[in-house]
Amino acid sequence: MAKITFLGAAGTVTGSKYLIEASGKRLLVDCGLFQGPKELTQRNWDKFQIDPATIDWVLLTHAHIDHTGYLPRLVREGFSGPIYANAATHELCELLLLDSAHLQEEDAQFAARKGYSTHKPPLPLYTVEDAQAALKQFRDIPRADVFVVSPEFSVRPHDAGHILGSSWLELTITENGKKTLVVFSGDLGRYDQPILKDPEPPSRADFLLCESTYGDRDHGTASVPEELAEVINRVAKRGGMIVIPAFAVGRTQTLMYYLRELIKAQRIPQLPVYVDSPMAISVTDIYARHREDHDLDFTRQEQQGNQDPLNLREVHMTRTVQDSKNINDVVSPCIIISASGMATGGRILHHLAKRLPDSRSAVLLVGYQAEGTNGRALQDGAQYLRIFGEEVPVRAEIVTLDQLSAHAGRSELLRWLSGFSAPPRQTFLVHGEPIALEALRGGIATRFHWPVVVPAYLQTVDLDAKP
Ligand SMILES: [Zn+2]
């Protein structure tokens, strides 16, 4: 009998990993890192629940680290099979997994210097070499056509509209001549947004795993350019800096798109914009190569001699550490965009350490901030933030602009779910914090009357095929 085990993103947002077993074969859908509070990140260090060498294949919904960031560890612990993803996801993973490995190594070195690690000597969760080994196991699959993994498993990916390459998956399990259709929502994006296409509607499923990140709330309805212009003008007038923690993939491009439009329309002053992320230029190149996911007009831009429709006249891309450090010397108003998006690591920490004590400046939170992250602490009104082992006072203005989120809001999740022509036999809500999971369960029960459960971490459920 086919079965599924929830190895992550069960009762929480990060660590997406779902093990599907059928006819003695094992397929892992997503392989994400746990992020946020220590009791979650500790799971990244625990012995993996099953021997990774016994997993036959990994299949990815999209490139975000909370869906892929455990791969280098899985490979190091013995997984040697193919990792299936579409070409855009594969290329983004080349950047993200190596970056994640760098961060792991840096964190370990830093902890060793400062002596605050629980591991003695501090070790990285994985190294750049581990990430390179994992990348060698990637195999490209079609963006939208059926791909046959094995006699037991075939998959049809659909555009999820969340980041470049993001997919929701229809997985057909064939066992003893019976077919079971399992739909994985992955992370769902938003409707009517610039750059990315809308999520494709689903049609049917025997079993559904649906993300619930924003299961309890909708994004604000205020216009993004309007709010962005208001914050930027306010902060610039009082001589402050606008610091924006943003994922290098997706959010940074969207921000650059909006900033370009605002500067063009002269609705904000032409401030210097520092994109302090060595990844950002490479990611824009990947956008240019993979036009199947978005509606950016690269052709018209290229005809005008502009290679990059996201570029800003005053944008400064900083690749080197020295360039990054030089931003600390900037005293007149500017915009600093840097990763990571939840301020859990990366260069943004240096900018926060420098700018948070300045009451003229503002930190703009533009994406989901998971529990236990620095971003969430700022959102919740923390007076101090512990950065590099030191207490940094928070005097800067903290602004949340969650309309820029890459995640479907509650109404958008329900809109996507309304595409099913018949109720799935069982719906599993995953990838949400407890309040969001419960709220979405209530919403689905009221609106669709479907059977819905919230699986527990490490729970296994039989997926018995229809007779
Ligand atoms: Zn995601």
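Taken over the stretch 264-294, residues that are hydrophobic (A, V, I, L, M, F, W, C), at pLDDT 85 or above and open to solvent by 30 Å² or more (accessible area, probe 1.4 Å) amount to 1.
Starting from the stretch 137-161, take each residue that is on the phi > 0 side of the Ramachandran plot and list its partners that are basic (K, R) and open to solvent by less than 50 Å² (accessible area, probe 1.4 Å), counting only C-beta distances under 7 angstrom and pairs at least six apart or across chains. Taking only residues 6 or more apart or on different chains, the pairs are G161/R190. A Cβ distance below 6 Å, combined with a sequence gap of six or more or placement on separate chains, defines the contacts here; from the stretch 56-75, residues that are more than 15 Å from the ligand (Cβ to nearest atom) reach residues that are of a type in the set (K, R) and not in a loop (DSSP other than H, G, I, E, B) in the pairs D56/K25; D56/R26. Condition check: of a type in the set (A, V, I, L, M, F, W, C), in contact with a helix residue (DSSP H, G or I) (Cβ under 8 Å, 6 or more places away or on another chain) and either within 16 Å of the ligand (Cβ to nearest atom) or not in a loop (DSSP other than H, G, I, E, B) (or both). Does V461 satisfy that? Answer is no for this residue.
Considered as a group, the residues in the stretch 393-411 that are within 15 Å of the ligand (Cβ to nearest atom) and within 14 Å of A436 (Cα to Cα) include one that is surrounded by the fewest Cβ atoms within 10 Å (Cβ to Cβ), and that residue is H407. Taking the stretch 32-60 as the range and being within 23 Å of P151 (Cβ to Cβ) and open to solvent by less than 40 Å² (accessible area, probe 1.4 Å) as the test, the residues that pass are I50, P52, I55, W57, V58, L59, L60.
Quick test for you: out of A246, A222, A205, pick the one residue that is at pLDDT below 95 and buried (at least 19 other Cβ atoms within 10 Å of the Cβ).
Going through A246, A222, A205 in turn, just one is at pLDDT below 95 and buried (at least 19 other Cβ atoms within 10 Å of the Cβ): A246.
Considering the conditions (1) open to solvent by 10 Å² or more (accessible area, probe 1.4 Å); (2) closer than 30 Å to R447 by Cα, C210 is excluded by exactly one of them, (1).
Filter the stretch 371-392 down to the residues that are in a loop (DSSP other than H, G, I, E, B) and within 16 Å of the ligand (Cβ to nearest atom) and list them by number.
T373
Within the stretch 314-359, which residues are under 19 Å from L404 (Cβ atoms) and of a type outside the set (S, T, N, Q)?
Taking the stretch 314-359 as the starting set, the residues that turn out to be under 19 Å from L404 (Cβ atoms) are 315, 335-344, 346, 348, 351-352.
Listed by number, the residues that qualify are V315, I335, I336, I337, A339, G341, M342, A343, G346, I348, H351, L352.
Residue under question is Q137, and the condition is that it be farther than 18 Å from F428 by Cα, within 16 Å of the ligand (Cβ to nearest atom) and surrounded by fewer than 20 Cβ atoms within 10 Å (Cβ to Cβ); does it hold?
In short, no.
Annotation: of all residues in the stretch 25-55 being in contact (Cβ under 8 Å) with a residue 60 or more places away in the chain and within 16 Å of the ligand (Cβ to nearest atom), the one that is farthest from the chain's Cα centre (by Cα) is V29. Under the condition of being of a type in the set (A, V, I, L, M), within 16 Å of the ligand (Cβ to nearest atom) and not in a loop (DSSP other than H, G, I, E, B), the residues counted in the stretch 162-199 number 2.
Among the conditions (1) assigned to a helix (DSSP H, G or I); (2) more than 21 Å from the chain's Cα centre (by Cα), S150 misses just one, which is (1).
The values are calculated or read from the model by the stated rules, or taken from the named source; none is laboratory data. In this text the structure is predicted, and so the values were computed from the model without any measurement. Reconstructed Cβ throughout: ideal geometry from the backbone, glycine too, with neighbour counts over all protein chains shown. Just the protein is used for accessible areas: all its heavy atoms, side chains included, with ligands, DNA and RNA removed. Shrake-Rupley method; radii C 1.70, N 1.55, O 1.52, S 1.80 Å.
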